[in-house]
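Enquirer: Handing you this structure, nothing more for now.
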Amino acid sequence: MKLRDLVAEFGLTVKTGAGHLDNEVTGGYVSDLLSDVLAHAEDGNLWVTLHIHHNIVAVAAHTSLAGIVLIQGRVPDQDTIAKAEEEGIPIMVSDLSAFELVGRLYKAGIRGAEAL
Amino acid sequence: MKLREIISLLHAEVLAGEDLINGIDVDRCYSADLMSDVLGRSHANGILITGITNPQAIRTADIADIQAVCVVRGKQPEAEAVALAKQKDLPLFITKMGMFEACGILYTNGLRGVAERQ
Amino acid sequence: MTLERKEQGPPPDRMTKTQEMVYELTVGEVMPPTMVTVAPGQTMAELRVLLRDNRLSGTPVVENGKLVGMISIEDLINALTDNAINAPIRERMKTKVECLYADELLVHCIAKFSKFGYRRYPVLNRNNELVGIVTKGSIVEGLLKKLEVEYEQSESKAALTRQRPTMRKFFEDVTADEISFAFKYNIAGQTLKDAGKAASELKNALKKLGVCPPLLRRIGVATYEAEINLASYTKGGVIRAQVEKWGVTVEAIDTGPGIPDVEKALQPGFSTAPDWVRELGFGAGMGLVNMNKCADEMNLRSSVPEGTHLTMQFYYTS
């Protein structure tokens with residue numbers, strides 16, 4: 001599934017990286033612990049978090065993530081936006097809580113990086 | 001959803017509160033690695049799914065009247081966290097699943113999220 | 001911020017609970033399980049029969065599963081006046097409709113009721129499909145039902161453990177110019193090892209004094225966040241709680257380094273947390289925001305490098 005499809009299906013607001021919505025989503029990762037994301041997220045994962053700090057862009061770029069979804073309407077910092085545009089990382093925003101968003105992504109067929 | 005059912009869906013291992021599990025039934029789920037995210041939500045009859053392994057996960061659940069805690073990503077909670085869970089009569093269990101998978105499975109089986117406190 | 005409260009008669013305990021519940025219940029939880037809808041192609045005459053038979057004063061208009069309008073007894077009266085009783089509902093319905101979402105908290109819903117003044121609101125799920133309808137009546141019914149359940153639960157608990165005299169009763173029985181219970185906890189700085197212990201102990205103490213669970217939770221959460229702040233950012237400090245006739249005051253006082261920009265610190269998401277705090281599950285810039293939401297009154301005074309003095313007040317009825 002492409003990011004573009006998820007943006008349409010879940011009504012995500014695209015904040016950055018609009019030119020990279022053809023990124024293929026290989027799975028999902030939800031965490032607010034940057035060290036866990038670095039250790040466990042896989043290439044092409046969609047990362048769900050509530051962090052708005054610019055560190056998230058570095059983490060996403062380092063792990064080659066497909067994109068970042070900020071939950072419950074969080075607004076990314078100015079330097080987060082600037083950095084994400086520079087690195088070509090799509091940042092999207094959902095109004096849902098992590099649990100509700102992840103539940104729906106799962107129902108749509110996205111699986112976790114660490115499935116049993 | 002019965003706590004017993006959740007434990008079985010997540011292939012979880014119980015570390016504390018085994019004797020309390022059969023009496024607990026929840027309908028909501030708090031999933032978070034940031035404890036303030038949990039504390040900022042309204043009250044609900046729910047469990048907490050987290051990657052936090054220190055005693056703060058248990059403190060948070062206790063303060064927020066949460067019924068049980070599940071630690072994901074195959075992490076081992078600190079000994080102090082397990083001891084605190086036992087002291088507070090709070091069921092604590094662990095699963096090798098990631099948070100994404102755990103949430104997806106519980107959502108599919110009927111659990112719902114918790115709204116933010118306004 | 002005001003420390004004085006007008007003297008009121010002791011409000012019934014239930015009142016406090018009801019008010020707390022509007023923050024906990026969602027629209028979906030009080031919504032009646034069934035509803036009657038009409039199609040835009042039906043006539044006003046058909047609507048009249050339907051309203052009469054179901055004792056309704058209004059109903060949503062639905063086409064292909066989507067809400068297209070609302071029609072009420074008022075519209076029916078206007079149609080009668082205009083001699084348009086055989087007109088299709090489509091021509092007489094209101095299409096500008098204020099909706100509620102099933103997962104919205106009752107507190108929003110009540111705000112909408114007073115803002116727009118309509119009697120009934122269609123309820124949508126997040127896919128914008130109509131799932132029900134709520135009126136003021138259904139909210140009252142939903143609250144009563146929930147109260148009844150909680151009352152039964154507390155009754156059975158009371159039978160198991162001997163009921164303790166509540167704090168309110170205590171304040172009624174004992175007279176003095178001023179009565180208060182004071183609690184003090186010392187909080188170590190620069191370590192999260194024991195953070196939360198004070199909040200937990202205070203919550204237990206207040207429980208023993210008979211503070212009702214929703215208020216207990218609010219005080220617990222706010223105190224916990226305050227404690228986390230003392231432990232994460234300061235050289236240490238104290239948490240004081242004072243329980244009085246009108247409510248509870250919680251103060252967090254530290255000896256530095258102080259907050260340079262208090263306004264900025266109150267913004268959601270703003271944080272100066274070091275990585276060790278973030279990896280322990282805090283430091284997302286939500287602590288002060290949470291405290292502000294939980295407390296009825298909050299006051300934050302800080303000076304660099306002397307320190308910070310946070311005061312939060314919680315009323316038994318708010």
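Enquirer: Among A:His62, A:His53, which is within 14 Å of chain B (Cβ to nearest Cβ), farther than 27 Å from B:Arg28 by Cβ and not aliphatic (A, V, I, L, M)? Spell out how you get there, then give the answer.
Expert: Values: A:His62 fails: within 14 Å of chain B (Cβ to nearest Cβ).
Result: A:His53 is the single residue among A:His62, A:His53 that is within 14 Å of chain B (Cβ to nearest Cβ), farther than 27 Å from B:Arg28 by Cβ and not aliphatic (A, V, I, L, M).
Enquirer: Being more than 9 Å from every other protein chain (Cβ to nearest Cβ) and either free of Cβ contacts under 8 Å to residues at least 60 places away in the same chain or surrounded by fewer than 24 Cβ atoms within 10 Å (Cβ to Cβ) (or both) is the filter here; which residues of segment B:53-72 pass it?
Expert: B:Thr53, B:Ala61, B:Ile66, B:Gln67, B:Val69, B:Val71
Enquirer: Would you mind finding the one in B:Lys88, B:Lys96, B:Lys75 that is within 8 Å of chain A (Cβ to nearest Cβ), over 26 Å from C:Ser271 (Cα atoms) and not β-branched (Val, Ile, Thr)?
Expert: Residue meeting the stated conditions: B:Lys96.
Enquirer: When the residues of segment C:115-128 are filtered to those that are away from chain A (no Cβ under 14 Å) and farther than 20 Å from C:Glu24 by Cβ, which remaining residue is nearest to the chain's Cα centre (by Cα)?
Expert: We begin by selecting, within segment C:115-128, every residue away from chain A (no Cβ under 14 Å); these are C:115-123.
The next check asks that each one be farther than 20 Å from C:Glu24 by Cβ; those that pass are C:115-120, C:122.
Values: C:Lys115: 18, C:Phe116: 21, C:Gly117: 21, C:Tyr118: 22, C:Arg119: 22, C:Arg120: 21, C:Pro122: 22 Å.
Across segment C:115-128, the extreme among qualifying residues is C:Lys115.
Enquirer: While we're here: Can you give me the number of residues within segment B:99-118 that are more than 7 Å from chain A (Cβ to nearest Cβ) and part of a helix (DSSP H, G or I)?
Expert: The total comes to 3.
Enquirer: Just checking, does segment C:262-273 include any residue being among the β-branched types (Val, Ile, Thr), away from chain B (no Cβ under 14 Å) and touching a residue at least 12 places away in the same chain (Cβ under 8 Å)?
Expert: yes
Enquirer: Quick check on this structure: which one of B:Ala83, B:Ala44, B:Ala68, B:Ala102 is at pLDDT 95 or above and out of contact with any Leu (no Cβ under 9 Å at 6 or more places or on another chain)?
Expert: It is B:Ala83.
Enquirer: Right, something else. Taking segment B:48-69 on its own, how many of its residues are in contact with a helix residue (DSSP H, G or I) (Cβ under 7 Å, 6 or more places away or on another chain), closer than 26 Å to C:Gly285 by Cβ and either outside any loop (DSSP other than H, G, I, E, B) or among the acidic types (Asp, Glu) (or both)?
Expert: Residues that pass the stated criteria total 13.
Enquirer: Given C:Gly287, C:Gly281, which one is modelled with pLDDT under 85 and under 18 Å from B:Ile63 (Cα atoms)? Before you say what the answer is, go through the steps one by one.
Expert: Values: C:Gly287 fails: modelled with pLDDT under 85.
Residue meeting the stated conditions: C:Gly281.
Enquirer: Then there is this: Across segment B:1-52, which residue is surrounded by the fewest Cβ atoms within 10 Å (Cβ to Cβ) among those that are closer than 12 Å to B:Phe93 by Cβ and within 14 Å of chain C (Cβ to nearest Cβ)?
Expert: From segment B:1-52, those closer than 12 Å to B:Phe93 by Cβ are B:3-4, B:6-18, B:20-21, B:24, B:47-50; that's our starting set.
Filter once more, so that each one left must be within 14 Å of chain C (Cβ to nearest Cβ): B:48-50.
Details: B:Leu48: 25, B:Ile49: 27, B:Thr50: 30.
Of everything passing the filter in segment B:1-52, B:Leu48 is surrounded by the fewest Cβ atoms within 10 Å (Cβ to Cβ).
Enquirer: Here is a further query. Scanning for something in the same structural domain as C:Ala252 (by TED's automatic domain parsing) and either of a type in the set (Lys, Arg) or crowded, with 18+ Cβ neighbours inside 10 Å (or both), does segment C:172-182 turn up at least one residue?
Expert: Taking every residue of segment C:172-182 in turn, none turns out to be in the same structural domain as C:Ala252 (by TED's automatic domain parsing) and either of a type in the set (Lys, Arg) or crowded, with 18+ Cβ neighbours inside 10 Å (or both).
Enquirer: Now for a separate question. With the structure loaded, tell me whether C:Val277 is under 24 Å from B:Ala32 (Cβ atoms), of a type in the set (Val, Ile, Thr) and under 20 Å from the mean Cα position of the chain (by Cα) or whether it fails that test.
Expert: So C:Val277 does not fit the description; no.
The values are calculated or read from the model by the stated rules, or taken from the named source; none is laboratory data. Here the structure is a predicted model, which is why all the values come from computation and not from measurement. With ideal geometry, Cβ positions are generated from the backbone for all residues, glycine too; neighbour counts draw on all protein chains shown.
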